[in-house]
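Encoded as C-alpha coordinates, the structure appears first; notes follow it.
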Amino acid sequence: MADHYERILQLADQQGILRTRDLLDHNIPRVYLQRLVERGDLERIERGLYRRPEAEVSLYHSLAAVSRRVPAG
(Lines give C-alpha, C1' and ligand atoms only; values in the text may rest on other atoms or scores of the structure.)
Protein backbone atom coordinates (compact mmCIF):
# COMPACT_ATOMS: atom_id res chain seq x y z
CA MET A 1 0.00 0.00 0.00
CA ALA A 2 2.73 2.47 0.90
CA ASP A 3 4.47 1.53 -2.34
CA HIS A 4 1.43 2.69 -4.31
CA TYR A 5 1.36 6.02 -2.49
CA GLU A 6 5.05 6.59 -3.13
CA ARG A 7 4.78 5.60 -6.80
CA ILE A 8 1.83 7.94 -7.38
CA LEU A 9 3.66 10.85 -5.77
CA GLN A 10 6.74 10.08 -7.88
CA LEU A 11 4.63 10.13 -11.03
CA ALA A 12 3.05 13.42 -9.99
CA ASP A 13 6.49 14.92 -9.39
CA GLN A 14 7.80 13.70 -12.74
CA GLN A 15 4.80 14.59 -14.88
CA GLY A 16 3.50 17.67 -13.08
CA ILE A 17 -0.10 16.79 -13.88
CA LEU A 18 -1.17 13.22 -13.26
CA ARG A 19 -4.02 11.55 -15.12
CA THR A 20 -6.15 8.75 -13.72
CA ARG A 21 -5.12 6.75 -16.79
CA ASP A 22 -1.47 6.98 -15.71
CA LEU A 23 -2.26 4.79 -12.71
CA LEU A 24 -3.84 2.15 -14.90
CA ASP A 25 -0.61 1.98 -16.90
CA HIS A 26 1.19 1.11 -13.63
CA ASN A 27 -1.49 -1.27 -12.29
CA ILE A 28 -2.31 0.99 -9.35
CA PRO A 29 -5.97 1.10 -8.23
CA ARG A 30 -7.60 4.53 -8.65
CA VAL A 31 -8.83 4.55 -5.06
CA TYR A 32 -5.34 5.65 -4.00
CA LEU A 33 -5.83 8.99 -5.74
CA GLN A 34 -8.79 9.87 -3.53
CA ARG A 35 -6.89 8.80 -0.43
CA LEU A 36 -3.96 11.04 -1.38
CA VAL A 37 -6.38 13.93 -2.00
CA GLU A 38 -7.95 13.38 1.43
CA ARG A 39 -4.49 13.36 3.04
CA GLY A 40 -3.57 16.59 1.23
CA ASP A 41 -0.73 15.04 -0.77
CA LEU A 42 -2.52 15.62 -4.10
CA GLU A 43 -5.17 18.03 -5.29
CA ARG A 44 -7.79 17.42 -7.94
CA ILE A 45 -7.59 20.18 -10.53
CA GLU A 46 -10.17 18.76 -12.95
CA ARG A 47 -12.01 15.54 -13.50
CA GLY A 48 -9.30 12.91 -13.90
CA LEU A 49 -6.37 15.34 -13.39
CA TYR A 50 -4.30 15.70 -10.23
CA ARG A 51 -1.18 17.53 -9.09
CA ARG A 52 0.88 18.12 -5.98
CA PRO A 53 -0.49 21.04 -3.91
CA GLU A 54 2.91 22.70 -3.77
CA ALA A 55 3.36 22.48 -7.56
CA GLU A 56 4.08 25.79 -9.18
CA VAL A 57 1.21 27.00 -11.35
CA SER A 58 2.48 28.67 -14.49
CA LEU A 59 0.87 30.98 -16.96
CA TYR A 60 0.33 27.97 -19.22
CA HIS A 61 -1.25 25.72 -16.59
CA SER A 62 -4.56 25.44 -18.47
CA LEU A 63 -2.74 24.49 -21.65
CA ALA A 64 -0.80 21.82 -19.79
CA ALA A 65 -4.01 20.42 -18.30
CA VAL A 66 -5.65 20.24 -21.73
CA SER A 67 -2.61 18.57 -23.27
CA ARG A 68 -2.61 15.94 -20.52
CA ARG A 69 -6.31 15.30 -21.04
CA VAL A 70 -6.04 15.01 -24.85
CA PRO A 71 -2.43 13.99 -25.59
CA ALA A 72 -2.77 13.90 -29.39
CA GLY A 73 -5.18 16.86 -29.56
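The values are calculated or read from the model by the stated rules, or taken from the named source; none is laboratory data. Owing to the predicted nature of the structure, the values given are computational and were not obtained by experimental measurement. Surface accessibility is based on the protein's heavy atoms, side chains included, excluding ligands, DNA and RNA. Shrake-Rupley method; radii C 1.70, N 1.55, O 1.52, S 1.80 Å.
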Item to complete: Tell me which residues, restricted to the stretch 22-39, are open to solvent by less than 40 Å² (accessible area, probe 1.4 Å) and assigned to a loop (DSSP other than H, G, I, E, B).
Response: ILE28
Item to complete: Please work out which residue is modelled with the lowest pLDDT, limiting yourself to the stretch 1-21 and to residues that are among the hydrophobic types (A, V, I, L, M, F, W, C) and either assigned to a helix (DSSP H, G or I) or open to solvent by less than 30 Å² (accessible area, probe 1.4 Å) (or both).
Response: ALA2
